[in-house]
2 protein chains.
Amino acid sequence: MSLARTATIASFGGRLLKLTHNATTTNCEMAFNLYLPPQAIQDPSQKVPVLIYLSGLTCTADNCSEKGFFQYGASKRGIAVLYPDTSPRGLNIEGENDSWDFGTGAGFYVDAIKPPYDKGYNMYSYVAEELPKTVFAAFKELDSGRVSITGHSMGGHGALTLFLKNPGKYQSVSAFAPIANPINCPWGQKVFSGYFGEDQLEKWKEHDATELVRRWKGPLDILIDVGTGDNFYQQGQLLPENFEKAAKDAGVAGVNIRYQPDYDHSYYTMATFSEDHINHAAKYLFAQ
Amino acid sequence: MSLARTATIASFGGRLLKLTHNATTTNCEMAFNLYLPPQAIQDPSQKVPVLIYLSGLTCTADNCSEKGFFQYGASKRGIAVLYPDTSPRGLNIEGENDSWDFGTGAGFYVDAIKPPYDKGYNMYSYVAEELPKTVFAAFKELDSGRVSITGHSMGGHGALTLFLKNPGKYQSVSAFAPIANPINCPWGQKVFSGYFGEDQLEKWKEHDATELVRRWKGPLDILIDVGTGDNFYQQGQLLPENFEKAAKDAGVAGVNIRYQPDYDHSYYTMATFSEDHINHAAKYLFAQ
């Protein structure tokens, strides 16, 4: 569980730390980034809340750290940002590097049950349990009782499903271009077949935000941004309308999907709206 | 002179355009990016001013467009940002791809006089004359009479030298970690030898910000950020103290160098301070 620090980078008055640790859930060394806002550095006795940002297919912790500008808003509001990686690395499972949308860089925030991926593709347990436990043990300036979650594309799927599967665990959730109904899109069907098996529909549904929101009790306050110029949205990989309809059918209020004209699937979109998502999280992280 | 558009990307309410054109000064097709802020789109009759951002060694127009966060401040203030490339591309001059700090990606914003680089390594004329002429001809929503300049590292050198060599041409100048005295650092000595010749000291001095500020008449208002954690600053490649001292010796006021504790040479630094540099330019671009 011990952490090694590979870099400390000044950013918006705070520090972006590049860290590694040997993770038991994923059975390998994992790298991640942690942004400590200036408030955590100036007064370590004043615990700051944490926003977890889950990245999309092919990404590491670095992409959003460099291009998403979450540090800008996080610095203003006094929120730490935790950027996990997107899959185990170097397990040497046959086929894990054969495609960009399955295996390495595509852990999909699930725990695989199908061999050989069950030997380490456990990004659900890693992100929901092991990583935060490790980080809160090492950084006393972080408040383990105030954690929100967001993410992009595959990471938007991760944020929505982790939130909906664990009522009360996260103070809030938001997403950018989430894969909102994976059991009905090519990306989701490919990875769920590979990690769970083709005949595991109940298991698939456990990790499908649209299926989960159908069973939600009570209100929500979810902020989702989807660009109308997003090619993956246009190709039916994201299906936010299905999520919206499922919530509506179930009488669940508070799903706020903003269709942003012309915005695409890239980090230019996260950069543009990151401050809105930081402020959405801050509303709950700083609620009395 | 005709432009081709290869991409249009929504960013902070405006549009980042990726463009190419056949440039006569550099003897090849050149790519560049242009950010049009929302103000230029909403009311094209209201001309917006332009900030030119010159990139550092190895970069293209894309690095800062993705990582520099300039669109954020430019969108707020209503300023277009022009991101040129850093050298000619594909001239097939022998040796131009042999090192990362000379030739391709390292045009240094000078006009070469030494063969074979004199056949297209004319980034001074390209940035000072041909590119803006091309852009203003194509985009009537830009105000050719209000142009400021900034840049990073090699591009900080470019910004300072283009400003100091052309009084009145630019409304303001700023720089991040500029190579401020190239005739006295390894990077500068290597490229000036290659583009000008080893025995061309007078020519070298024409493109050295420290030499140019010695001869400046009147006040200045230059904002420069240098990170104290910048390895190239520590290695003596930047030499901002020489620039500062030369200005002081010459009685030139208004050189404001901020040594930012722990910041490094990366885009995390530009992202952090980009809004300050946008505001510095805005002070002059919107002066009555």
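Laboratory data are not the source of any read-out in this text; all were calculated from the coordinates shown. All values derive from a computational prediction rather than experimental measurement. Neighbour counts are summed over all protein chains in view; Cβ atoms, including those assigned to glycine, are modelled from backbone coordinates with ideal geometry.
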With each run of n ≥ 4 DSSP H residues scored as -39500 (n - 2.57), what mean residue ellipticity at 222 nm is computed for chain A after dividing by its residue count and rounding to the nearest 500 deg cm²/dmol? -9000 deg cm²/dmol
If you take every residue apart from A:GLN71 with its C-beta less than 12 Å away from the C-beta of A:GLN71, what net charge results, scoring Lys and Arg +1 and Asp and Glu -1? +3
Any idea what the dipole of the stretch A:4-286 comes to, in debye rounded to 20, about its Cα centre with Lys/Arg Cβ at +1 and Asp/Glu Cβ at -1? 900 debye
Order of A:HIS265, B:HIS152 under a 10 Å beta carbon neighbour criterion, fewest first: A:HIS265, B:HIS152
Once you put a point 7 Å from the Cα of A:TYR259 and another 7 Å from the Cα of A:ASP143, both along the Cβ direction, what distance in nm separates them? 3.8 nm
DSSP-defined antiparallel bridges as percent of all bridges, the stretch A:4-286, nearest 5: 50 percent
Note, ³J(HN,Hα) from phi for the stretch B:103-111, Karplus 6.51, -1.76, 1.60, rounded to Hz, x at Gly and Pro: x, 4, x, 9, x, 6, 6, 10, 9
In the neighborhood of A:LYS47, defined by Cβ-to-Cβ distances under 10 Å, what is the net charge if each Lys or Arg adds +1 and each Asp or Glu adds -1? -1
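With only alpha-carbon pairs counted, each pair once and no self-pairs, how large is the Kirkwood hydrodynamic radius of the stretch B:55-123 in angstroms?
13.2 Å
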Dipole magnitude (debye, nearest 20) for the protein assembly as shown, charges at Cβ of Lys, Arg, Asp, Glu: 1400 debye
Placed amide H near B:CYS28: partners under 5 Å, 5+ positions off or other chain: B:ALA23
Residues with amide H under 5 Å of A:SER11's amide H, sequence separation 5 or more or different chain, H placed in the peptide plane at 1.01 Å from N; which? A:LEU16
Taking the square root of 5λ for each eigenvalue of the C-alpha gyration tensor of the stretch B:104-261, the equivalent ellipsoid has semi-axes, largest first and in whole angstrom, of 23, 21, 15
Where the centre of each part is set by its Cα atoms, how far does the stretch B:55-109 sit from the stretch A:205-259, in angstrom? 40 Å
For the stretch B:14-26, just list the computed ³J(HN,Hα) in residue order, Karplus coefficients 6.51, -1.76 and 1.60, θ = phi - 60°, integers in Hz, with x standing in for Gly and Pro. x, 10, 9, 9, 9, 10, 9, 7, 7, 9, 7, 5, 9
Straight-distance crosslink candidates among lysines, where the alpha carbon sits under 28 Å from A:LYS203 and sequence neighbours closer than 8 are dropped: A:LYS114, A:LYS119, A:LYS133, A:LYS165, A:LYS169, A:LYS190, A:LYS217, A:LYS245, A:LYS248
Here, A:ASN97 and A:PHE286, labelled 7 Å along Cα→Cβ, have an inter-label distance in nm of 4.5 nm
From the C-alpha coordinates alone, can you work out the Kirkwood hydrodynamic radius of the stretch B:66-182, in Å? 15.3 Å
Average partner coverage of B:70-78, which counts Cβ from other chains inside 10 Å: 1
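Could you please report the charge total around B:THR58, scoring K, R as +1 and D, E as -1 over all other residues with beta-carbon less than 15 angstrom from its beta-carbon?
On the way: positive: B:LYS67, B:ARG89, B:LYS190; negative: B:ASP62, B:GLU66, B:ASP85, B:GLU96, B:ASP98, B:ASP101.
Local net charge: -3.
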Restricting the calculation to Cα positions, tell me the Rg (one decimal) and the Dmax (whole number) of chain B in Å. 17.6, 53
So, in nm, how far is label B:ASN184 from label B:THR228 when the simple model puts each one 7 Å beyond its Cα toward the Cβ? 2.2 nm
